[in-house]
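Enquirer: Structure incoming, see below.
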């Protein structure tokens, strides 16, 4: 662990008292849980995740065909951007509420929204309803994404928290092979609706035992405490005004990125550039407010002083930006330029997915024996950057399929190690009472970077691809470009003799995306060199000492 972290703990050994009234139930739940309850949580999450992952992986592969059928592929990232912006506001709210009312109630509400969204997806008659379902799914998904690592961290010690990665992602790994025949059976048909119905029903059935254990533990914990009232002071500690200004500024700035290509004047259209200018001004106002005026910044000064956690948050956020920016259009690109079915693209993508999961699982075991963090982070980010360079070379439609798979496997290996280590660092370099706060902050920052990545990637892809199509296609076909961007019907709309031209246009666009990705990989590696030394064994010793001290103090008060 960093010297700064140790110094911070020495100077403020009772920092947890500020949050004691809010954190006493989750802490007591962690202390009284039984082995049966532990295994119910572990196995329950695995079973629930398995069905969701099989269907979710298949739907991820065919999503671009669904939005293309709705003639809205070019604006579909706007849904992700809007969802992420809403989530930015929800993350601190859900984290605070989970500390006050317990983990179970937040999980229940999140799962309910996810279930509703899946039935909305399945019944969607047009892109409007499909988009609304995406917003609802994003809200519910934010709750589950936030709470999964928090719940697992409540149940595991720092040295064993690499297994959080396994518990969270093992279902997705198992689902890889199973999802391929599902993609093959549902692509370019309406059968994808059945998948959404199945996913909603599966979550409904298998979340029940998990909620039973969480609520049962919470009630037992409350019964063992001398007194309890639902103190909402942690809600008052969030800078809601600053958060609202941040969300509005990002919304004004990013949403136009997804619609400018549908305006005749492009960026010069008032409906596009005016919101962007307003967003920039509000963003400046947000920073001025956070630095000079607010008494409750979005992240506490204690967490800001934790260099290890803050650097890892930034590394994870940049990695998310890099991945979303580069791979958002990769499925579409591979399918169209190589003229292969969607399930074949899913098979190619296995190179990334299998390597990502296996690297993360192996890292979870190795961390127990070699708990020094920095070598994992540096080597994995370097490997990830090399993989992005290979992806740039493998993008050509004439390159062999094995080379594409190999490039994706290299990227996946580096990304899997970083993902596992990053999650462990966040959970282990802060005090127990700050676990929910740091995960919430990490999720918030990641949501900001993901929303920016989706918006910028959409603008870069649509802008560059429009220009490339104009360059390669004859002028009499230029009027088809808006339709092509919205539907991806290149083979149907463009005469066969011009197929090499539009493939070249798409290849040039993907070259730009990959080049930008390499630049972000280099930036991410450079920032990681600021990471202080972190020893997970020492982190565990500090956590156990602090928990023992806090328990003794509470017993004295009783």
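Every number in this text was worked out from the coordinates using simple rules, so none of it is lab data. Quick caveat, the model's predicted, so the values are computed rather than measured. Glycine also receives a Cβ, built like all others from the backbone with ideal geometry; neighbour counts cover every protein chain displayed.
Enquirer: List 326, 401, 189 from most exposed to least, where exposure is judged by having the fewest other Cβ atoms within 10 Å. Don't skip to the answer; put the middle values down first.
Expert: Working: 326 24, 401 15, 189 12.
The most exposed by this proxy come first: 189, 401, 326.
Enquirer: Run the quick spin-label model on residue 522 and residue 478: label points 7 Å from Cα toward the beta carbon, then report their separation in nm to one decimal.
Expert: 3.5
Enquirer: Among 63, 476, 190, which comes first, then next, by fewest other beta-carbon atoms within 10 Å?
Expert: Details: 63 18, 476 7, 190 10.
Arranged by neighbour count, lowest to highest, 63, 476, 190 become 476, 190, 63.
Enquirer: By per-residue mean of other Cβ atoms within 10 Å, what is the highest-first order of 35-46, 50-61, 411-422, 500-511?
Expert: Working: 35-46: 15.2, 50-61: 21.2, 411-422: 25.5, 500-511: 19.2.
Output ranking for 35-46, 50-61, 411-422, 500-511: 411-422, 50-61, 500-511, 35-46.
Enquirer: With a 10 Å Cβ neighbour count serving as the proxy for reagent exposure, in which order, fewest first, do 186, 346, 320 appear?
Expert: Details: 186 22, 346 25, 320 19.
Listing 186, 346, 320 from fewest to most nearby Cβ atoms yields 320, 186, 346.
Enquirer: Taking a virtual spin label 7 Å from the Cα of residue 366 along the C-beta vector, which residues in the range 404-420 bring their backbone nitrogen under 18 Å of it?
Expert: Hits in the range 404-420 for residue 366 at 18 Å: 409-420.
Enquirer: Between residue 274 and residue 401, what is the spin-label point distance in nm, taking each point 7 Å from the Cα along the Cα→C-beta axis?
Expert: For residue 274 paired with residue 401, the spin-label model returns 5.2 nm.
Enquirer: Still on this structure: Taking the Cα centroid of the range 327-350 and of the range 98-145, what is the distance between the two, rounded to the nearest whole Å?
Expert: That distance is 28 Å.
Enquirer: If packing is taken as the average count of other Cβ atoms within 10 Å, what order do 111-123, 279-291 fall into, highest mean first?
Expert: Descending mean neighbour count gives 111-123, 279-291.
Enquirer: Between residue 339 and residue 467, how high is the FRET efficiency from 1/(1 + (r/R0)^6) when r is the Cβ-Cβ distance and R₀ = 22 Å? Nearest 0.05.
Expert: Values: r = 24 Å, r/R0 = 1.07.
After rounding to 0.05, the efficiency reads 0.40.
Enquirer: Quick check: residue separation of residue 93 and residue 190 times 0.36 nm, minus the Cα distance between them. What number comes out in nm?
Expert: Working: separation 97, 0.36 × 97 = 34.92 nm, distance 3.73 nm.
Separation in residues times 0.36 nm, less the Cα-Cα distance, equals 31.2 nm.
Enquirer: While we're looking at this one, here's another question. If I take R0 = 60 Å and measure r between the Cβ atoms of residue 291 and residue 496 in this structure, what FRET efficiency does the formula 1/(1 + (r/R0)^6) give, to the nearest 0.05? If you can, show how the numbers build up before the last one.
Expert: Working: r = 59 Å, r/R0 = 0.99.
For residue 291 and residue 496, the calculated efficiency is 0.50.
Enquirer: Can you give the extra length, in nm with one decimal, that the chain gains between residue 123 and residue 241 once fully stretched, where that is 0.36 nm per residue apart less the Cα-Cα distance?
Expert: Working: separation 118, 0.36 × 118 = 42.48 nm, distance 3.69 nm.
Extending this stretch completely gives an extra 38.8 nm.
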